[in-house]
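The values are calculated or read from the model by the stated rules, or taken from the named source; none is laboratory data. Source: prediction; values computed, not measured. Cβ atoms come from the backbone with ideal geometry, glycine included; neighbour counts cover every protein chain shown. Areas reflect the complete protein model, heavy atoms only, side chains present, ligands, DNA and RNA absent. Shrake-Rupley method; radii C 1.70, N 1.55, O 1.52, S 1.80 Å.
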Amino acid sequence: PGWIRSSAGGRVAAAASPAPAAARERHPSAAPGAAIRVNRSTPAPAWSMTDDPRVTKFGAMIRKLSIDELPQLLNVLKGEMSLVGPRPERAHFVEIFMKEVPRYMERHSVKTGMTGWAQMNGLRGDTSIAERVQYDLYYIENWSLWFDFKIMILTAFDIAREALKYFQGGKKSAPPPA
């Protein structure tokens with residue numbers, strides 16, 4: 001893997017790099033000028049996979065507990081991202097979705113967020129982008145401080161529930177007494 005640095009305009013200043021162009025893309029929520037790691041062995045962006053052999057136990061734990069999202073707080077503090085809003089997609093997928101999913105680009109009328117209404121309705125990872133867009137548009141059209149607060153509270157409970165499941169070894173809690 002190599003390192004490249006994006007310019008202030010968000011384009012990657014590594015045109016002479018032997019890495020494929022897709023590997024040099026900038027994540028929409030990445031700060032301009034931020035260094036990004038390039039995996040030259042991956043020819044093009046791809047969705048994450050269940051049971052991906054590249055994922056370590058430590059990596060799975062920080063993902064399950066959403067610890068990997070914490071660096072995005074810097075983007076929130078810089079005003080480049082919001083706590084609540086449509087989750088960002090990688091540039092490669094934006095180009096595909098804008099052609100295939102009706103109203104997809106309307107979700108770009110607001111800042112991306114660390115959490116969103118679609119995620120609180122179970123739409124994360126390998127789920128229907130068309131369905132996620134519908135939830136994102138509902139959020140945009142019905143935005144209020146109360147709605148943001150509700151999503152943040154639901155997110156906190158979701159993270160706590162996942163952490164509890166993780167630390168209990170994935171065991172399901174007993175059903176309530178009848």
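Computed over the Cα atoms of segment 86-178, what is the ratio Rg over Rh, Rh following Kirkwood? Write out the running numbers ahead of the final one.
Values: Rg = 15.8 Å, Rh = 14.9 Å.
Ratio value, two decimals: 1.06.
Could you compute the FRET efficiency for residue 70 and residue 146, with r as their C-beta to C-beta distance and R0 at 30 Å, rounded to 0.05?
On the way: r = 25 Å, r/R0 = 0.85.
After rounding, the FRET efficiency stands at 0.75.
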Could you pull the accessible area for residue 131 with a 1.4 Å probe, rounded to 10 Å²? 90 Å²
For residue 82, enumerate residues with amide H under 5 Å from its amide H, sequence gap 5+ or separate chain, H modeled in the peptide plane. 112, 113, 114
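Of 150, 99, which has the most accessible area and how do the rest follow, probe 1.4 Å? Walk me through the intermediate numbers first.
Working: 150 85, 99 165 Å².
Reading off the accessible areas and sorting them downward yields 99, 150.
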Accessible area per residue, Å², segment 79-178 with all protein chains present, probe 1.4 Å: 63 Å²
Amide N of segment 119-150 lying under 19 Å from the label point, which is placed 7 angstrom from the Cα of residue 51 along Cα→Cβ: 126-127
Using a 1.4 Å probe on heavy atoms of the protein chains only, the accessible area for residue 61 in Å², nearest 10, reads 50 Å²
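Rank these by accessible area, largest first, 1.4 Å probe: 55, 110, 84. Walk me through the numbers on the way to the answer.
Numbers: 55 80, 110 55, 84 5 Å².
Ranked list, largest accessible area first: 55, 110, 84.
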